[in-house]
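The values are calculated or read from the model by the stated rules, or taken from the named source; none is laboratory data. Nothing here was measured: the structure is a model prediction, and the numbers come from that model. Positions of Cβ are backbone-derived with ideal geometry, glycine not excepted, and every protein chain shown enters the neighbour counts. Note: areas computed on protein heavy atoms with side chains; ligands, DNA, RNA excluded. Shrake-Rupley method; radii C 1.70, N 1.55, O 1.52, S 1.80 Å.
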Amino acid sequence: MATPSLIQLVDIPQRGDARGGLSVAEIGGALPFPVRRAYWIHGTHVGVSRGFHAHKKLRQLCVCVAGSVRLSLFDGRREESVLLNSSAKGLLIGPGFWREMHDFSPDCVLMVFADAEYDEADYIRDRDQFIRHVHSS
Ligand code: T46
């Protein structure tokens, strides 16, 4: 059996018309969980990478609504990356993935929908600790 990809992309319904674009993320559609927090990453300086952590429980949907960014996921064994450059695709990230964001374009706006409020205790910010965490669970 083929190994499942770490990259889970979902289609974001497009409801634009002659006036311009309109993209929809709603529960039962692109969103598989109720949203308790939304944040957006923007104005990241050229050459700067972000992330470098995992979450113990948090589920998120990341949509690059402008520009582009490369997001990589590592599950403790394998690493895969994807270029996000469309508001018509969202990347679902469950718990237990080390994530890194690289190659931000200057105009990148990465919108993130999360299923829980911000909680620093949910973060694992040390890669070796993350590897121990996944191999012990
Ligand atoms: C993730 C990736 C994709 C808050 O106070 N509230 C928030 O909701 C968030 C997300 C962050 N913060 C604070 C925590 C730090 O002092 O903002 C500061 C920057 O956060 P961080 O360095 O974690 O940002 P990124 O861009 O490395 O990671 C973020 C999310 O934190 C993370 O959950 O999965 O984007």
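Considering segment 86-137 alone, what residues qualify as being in contact (Cβ under 8 Å) with a residue 24 or more places away in the chain, closer than 19 Å to Val65 by Cα and of a type in the set (Gly, Ala, Ser)? Hits for segment 86-137 are Ser87, Ala88, Gly90, Ser105, Ala114. (1) surrounded by 15 or more Cβ atoms within 10 Å (Cβ to Cβ); (2) within 11 Å of the ligand (Cβ to nearest atom): which one isn't true of Ser87, the others all being true? Against the list (1) surrounded by 15 or more Cβ atoms within 10 Å (Cβ to Cβ); (2) within 11 Å of the ligand (Cβ to nearest atom), Ser87 comes up short only on (2). None of Ile124, Ile131, Ile93 is in contact with a Leu (Cβ under 8 Å, 6 or more places away or on another chain) and among the β-branched types (Val, Ile, Thr) except Ile93.
Residues that are touching a Pro at 6+ places or on another chain (Cβ under 8 Å) number at least 2 in the following strands (runs of 3 or more DSSP E) confined to segment 34-84: 50-55.
Of all residues in segment 17-31, which are free of Cβ contacts under 8 Å to residues at least 24 places away in the same chain and either in a loop (DSSP other than H, G, I, E, B) or open to solvent by 80 Å² or more (accessible area, probe 1.4 Å) (or both)? The answer is Ala18, Arg19, Leu22, Val24, Glu26, Ile27, Gly28, Gly29. Residues that are in contact with a His (Cβ under 9 Å, 6 or more places away or on another chain), open to solvent by less than 60 Å² (accessible area, probe 1.4 Å) and more than 15 Å from Leu110 (Cβ to Cβ) within segment 43-84 comprise Ala54, Gly76, listed in sequence order.
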